[in-house]
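Scroll down for the structure; my scribbles are underneath it.
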Amino acid sequence: NLMSSVFTRARKEWGWVRTNPVRDVDRPMNPKHRQRRVNDADEIERILLALGYEEDLKVRTTQQRIAVAFLLAIETAMRLGELMGLRWHNVYLDKRYVHLFDSKNSDSRDVPLSNRAVELLKKIPQRDESVFQCGSDQASTLFARAVKRAGVRDLHFHDTRREALTRLSKKLDVLELA
């Protein structure tokens, strides 16, 4: 696609070439969309255990913060990058939402928080400006290792988004969900 775009511009705007030599090249097929959900309570429990998370304890370690991010992702459909970029000054627990300045499509948006999401965020000590005190790459690695230790197959952090949206579709209409 990139090469075709370059040759098209070179032909149309600059007159450097007469034809686009990659115009007739077949592009590879897009990969099949993932259908995986985190819908098994046992899977969730095993992953939380592998991350050292216990429901009734305060969050102290990076792995426990990743566990909270995992649960929060299932609750809110937020992406890993959005969660890891979250700052406390953009979290409004009293009004039950978080404000994201930089989402995947570069738009800002407000994400409503359920009672459960507020409970989860309250478990994290506010010692630093960053809520999770972890980068996306580190979080992804820690999560992947925990999934492996838990014996859960073929699960990526992004699969929480499908699970969350499936759950939210039972509560919201299509426009609110979009």
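Just the number, please: carbon plus sulfur as a percent of the accessible area of the chain, 1.4 Å probe, no ligands or DNA/RNA counted. Don't skip to the answer; put the middle values down first.
Details: 5840 of 11780 Å².
In the chain, the share of accessible area belonging to carbon and sulfur is 50 percent.
In sequence order, what are the phi-derived ³J(HN,Hα) couplings for segment 32-43 according to the Karplus relation 6.51 cos²θ - 1.76 cosθ + 1.60 with θ = phi - 60°, rounded to whole Hz, with x for glycine and proline?
So the Karplus estimates, Gly and Pro as x, are 5, 5, 6, 10, 5, 10, 9, 9, 9, 4, 5, 4 Hz.
Of the labelled options [x] 69, 37, 35; [y] 75, 36, 26; [z] 46, 37, 34, which one gives Cα extents along the principal axes in Å as computed for this structure?
The value matching this structure is [x].
For the chain, what does the accessible surface come to per residue with a 1.4 Å probe? Please give it in Å². All intermediate terms of the calculation are to be shown ahead of the outcome.
Numbers: 11780 Å² over 178 residues.
Result: 66 Å² of accessible area for each residue.
Using alpha-carbon positions, what is the distance between the centroids of segment 84-126 and segment 17-69, in Å?
Centre-to-centre (Cα) distance: 20 Å.
Sorted by mean Cβ packing within 10 Å, highest first, what order do the peptides 29-35, 120-126, 149-155, 69-75 take? List each step's numbers first, then the result.
Numbers: 29-35: 7.1, 120-126: 16.3, 149-155: 13.9, 69-75: 23.9.
Descending packing order for the listed peptides: 69-75, 120-126, 149-155, 29-35.
Under 5 Å between amide H atoms, partner at least 5 residues away or on a different chain: which partners does K123 have, H built in plane at 1.01 Å?
Those lying under 5 Å, H to H, from K123: there are none.
Return the single residue from R167, R36, R18 with maximal mean-square fluctuation; model: Gaussian network over the chain, springs between Cα atoms under 10 Å.
Residue with maximal mean-square fluctuation among R167, R36, R18: R18.
The values are calculated or read from the model by the stated rules, or taken from the named source; none is laboratory data. Quantities reported herein were computed from a predicted structural model and do not represent experimental measurements. As a convention, Cβ positions derive from the backbone with ideal geometry for all residues, glycine included, and neighbour counts pool all protein chains shown. For accessibility, only protein heavy atoms count, side chains too; no ligands or nucleic acids. Shrake-Rupley method; radii C 1.70, N 1.55, O 1.52, S 1.80 Å.
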